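The values are calculated or read from the model by the stated rules, or taken from the named source; none is laboratory data. All figures in this text were calculated on a predicted structure; none of them were measured in a lab. Here the Cβ positions follow ideal geometry from the backbone for every residue, glycine too, while neighbour counts run over all protein chains shown. Each accessible area value is taken on the protein alone, full model and side chains, heavy atoms only, with ligands, DNA and RNA left out. Shrake-Rupley method; radii C 1.70, N 1.55, O 1.52, S 1.80 Å.
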Amino acid sequence: MTSSSIDFGLGRTWGGVCQQEYQRMARDPRHPLAYRIHFAALGWADRHGHASFGPGKLAALLGTDGKPLSDQSTNNALARAKQLDLVSPRSGAACLLLSYHLFQKRKGAPVPCRLHRDR
């Protein structure tokens, strides 16, 4: 892939998404938590597929009625999202990571995250 194009590989089609809509769906408690993790990853991903969250921010996002999700529930939801291949196995509450075959973004600077210091 060149820096100016999106390429998922020969013969693989793709389409765009509205990240703001995925941010909205990530906050919607009607969806199962594992999918809300995936929605958050899509909604806040930078051009390298990293969606960084400050301490407690993902739990607050996934909570309901202004009450953050517990650490255990957040970790359980994250584990389920990983089992379903909705986020990379390298994901954590500090940074949800989408694999390159799932997400690419042409514009925007990558933001360093606390979990993945290898970029």
**OP:** Starting from the Cα of Lys105, draw a straight line to each of the aspartates and glutamates and keep only those under 17 Å, dropping any in the same chain fewer than 8 residues away.
**Re:** Asp7, Glu21, Asp46
Subject >> Packing-based ranking, highest mean first, of 71-78, 26-33, 89-96 given that Cβ atoms within 10 Å are counted >> reply: 89-96, 71-78, 26-33
Original post:
So how much accessible area does Phe103 have, in Å² to the nearest 10, using a 1.4 Å probe?
Top reply: 20 Å²
Original post:
Can you pull the Rg over Rh of segment 16-73, Cα-only, Kirkwood?
Top reply: 0.96
Subject >> Largest to smallest accessible area among Trp14, Trp44 [probe 1.4 Å] >> reply: Trp14, Trp44
Subject >> Accessible area in the full protein assembly, largest first, 1.4 Å probe, for Tyr35, Tyr100, Tyr22 >> reply: Tyr100, Tyr35, Tyr22
